[in-house]
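*Asks:* I'd like to ask you about the structure that follows.
Read-outs throughout are calculated quantities, based only on the coordinates presented, and are distinct from any laboratory measurement. Since the structure is predicted, the reported quantities are computational estimates derived from the model, not experimental observations. Here the Cβ is made from the backbone with ideal geometry for all residues, glycine too, and neighbour counts use every protein chain on show.
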Amino acid sequence: MKKGHFLKPRTRHPAPEDAQTRKQIEPVVCYPIDTFEGFDQTFFDTARQDMKLVDEVMIAPRDASAFTVKAGQFFRITCPDGPQVGDLNLWNADNLDERFFSGKTRALHGTHLGTGDRMWSNLPYLRPMATITDDTLDWYGYDAFGGGVHDVIGTRCDPYTNTLLNHNEYHYCCHSNLIRALAAHTGMSLIEAEPLVHDVLNVFMCTGFTRDTHQYFMKASPVRQGDYLEFFAETNLLGALSACPGGDCSASHSSEDARCHSLKVDVYQPTTTHLQGWQPAEASSYSRTHGA
Ligand SMILES: [Zn+2]
């Protein structure tokens, strides 16, 4: 039997007479977000002005580290050495069942995140875990290929997909790195930690979908030494960040081939008087009766 790898568009059925009319219907945005509270840049700029560095966590190349951030603190993911992509997981530090929900965050904010966007938690919580308050790569926008930085469309490189496609075992994919970091931080076994690792925010990674086949693509990250992505913690957070074995993700991942660098997480405490009026985010008020 001939092996085939089919990609859209593939056609086995004739188009109806009104095919063009149907295709020309204008799209509507699924989740217009103008109904929830907007981003207050002035509030965050004021809170940030005299904040103090309280913790620094280094992430070695092809490895991950965990870190904690209290609600009301800022944290920055920085690129201290050379171009490097990071895979970020976030949990509610007080309840690890609550974690970042990449899919709904994508549906609400789009394929790539930037200043003013929030990282939402899974159901039934659905609250902002963190708000992005500054991004030194905000100049990039979208390039001619449709690529942008900080995506929520990929998942994380993992040894299962690598085994499927490349028929070899590689142990330092972001999925494995995040499991080891979570297990080391919590005292869980690797088996206990694995189901808690989830789809990531791909920090500094430059990605999109190809125009013709809509396949997920990556290209060299535009991140430079000193760039950072800054967040404000809306709940108590446990984070884990993996320095992807893909390095700047210009060519490959899930192997030892790419040149890799460190990443760093800096945690900052703002002056509490600047936070007056701010409250940690609350979980969804939905009744959870589901029509029964
Ligand atoms: Zn990775």
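*Asks:* Among ARG156, ARG12, ARG99, determine the one that fluctuates most according to a GNM of the chain built with springs between C-alpha atoms less than 10 Å apart.
*Replies:* ARG12
*Asks:* Moving on to the next point. Excluding ALA47 itself, calculate the net charge of residues whose Cβ lies under 14 Å from the Cβ of ALA47, where each Lys or Arg counts +1 and each Asp or Glu counts -1. Spell out each step's value before the answer.
*Replies:* On the way: positive: ARG48, LYS52, LYS70, ARG76; negative: ASP40, ASP45, ASP50, ASP134, GLU230, GLU234.
Combined, the nearby Lys, Arg, Asp and Glu give -2.
*Asks:* State the cysteines of the chain left without a partner when partners are defined as other cysteines whose beta carbon lies under 4.7 Å away.
*Replies:* Cysteines lacking a close Cβ partner in the chain: CYS30, CYS79, CYS174, CYS206, CYS244, CYS249, CYS260.
*Asks:* Please express the Cα-Cα pair-distance distribution P(r) of the chain as a list of whole percents, one per 5 Å bin, running from 0 to the bin with the greatest distance.
*Replies:* Per 5 Å bin, starting at zero, the Cα-Cα P(r) for the chain comes out as 1, 5, 11, 15, 17, 16, 13, 9, 6, 4, 2, 1, 0, 0, 0 percent.
*Asks:* I've got another one for you. Mean-square fluctuation check for the chain, GNM, Cα pairs under 10 Å: which of THR35, THR115, THR131 is largest?
*Replies:* Largest GNM mean-square fluctuation: THR35.
*Asks:* If each DSSP helix of 4+ residues adds -39,500 (n - 2.57) and the sum is divided by the residues in the chain, what number results at 222 nm, nearest 500 deg cm²/dmol?
*Replies:* Rounded to the nearest 500, the figure is -4000 deg cm²/dmol.
*Asks:* Now, a different point. When the scattering of the range 1-116 is computed by the Debye formula from its Cα atoms alone, each counted once and equally, what is log10 I(q)/I(0) at q = 0.16 Å⁻¹?
*Replies:* The computed values of log10 I(q)/I(0) come out as -1.10.
*Asks:* Taking 30 Å as R0, compute the FRET efficiency from the Cβ-Cβ separation of ALA292 and ASP97 and round it to 0.05. Could the numbers behind the result be given before it?
*Replies:* Values: r = 22 Å, r/R0 = 0.74.
The computed FRET efficiency comes out at 0.85.
*Asks:* Here's something else I'd like to know. Enumerate by residue number the chymotrypsin sites (Phe, Trp or Tyr not before Pro) in the range 140-215 meeting two conditions: DSSP loop (anything except H, G, I, E, B), and at most 16 other Cβ atoms within 10 Å of the site's Cβ.
*Replies:* Answer in residue order: TYR142, PHE145.
*Asks:* While we're on this one: Taking amide H positions as placed 1.01 Å from N in the peptide plane, with prolines and chain starts having none, which residues 5 or more places from SER121, or on another chain, fall under 5 Å of its amide H?
*Replies:* Excluding prolines and chain starts, which carry no amide H, the hits are PHE101, LEU126, ARG127, MET129.
*Asks:* Sort all Cα-Cα distances of the range 83-198 into consecutive 10 angstrom bins from zero, then give the percent of pairs in each bin up to the one containing the longest distance.
*Replies:* With a bin width of 10 Å, the distribution comes to 12, 37, 36, 15, 1.
*Asks:* Taking DSSP loops as anything outside H, G, I, E and B, show the longest stretch in the chain free of GluC sites (Glu not before Pro) there with at most 13 other beta carbons within 10 Å.
*Replies:* Maximal segment without exposed cleavage sites: 38-168.
*Asks:* Here is a further query. Considering the chain as a Gaussian network with a 10 Å cut-off on Cα pairs, which listed residue, ASP45, ASP63, ASP227, attains the greatest mean-square fluctuation?
*Replies:* ASP45
*Asks:* Additional query: In percent, how large is the relative contact order of the range 47-275, given Cα pairs closer than 8 Å and 6 or more residues apart?
*Replies:* Working: 607 pairs, mean separation 97.1, N = 229.
Averaging sequence separation for qualifying contacts and normalising by length gives 42 percent for the range 47-275.
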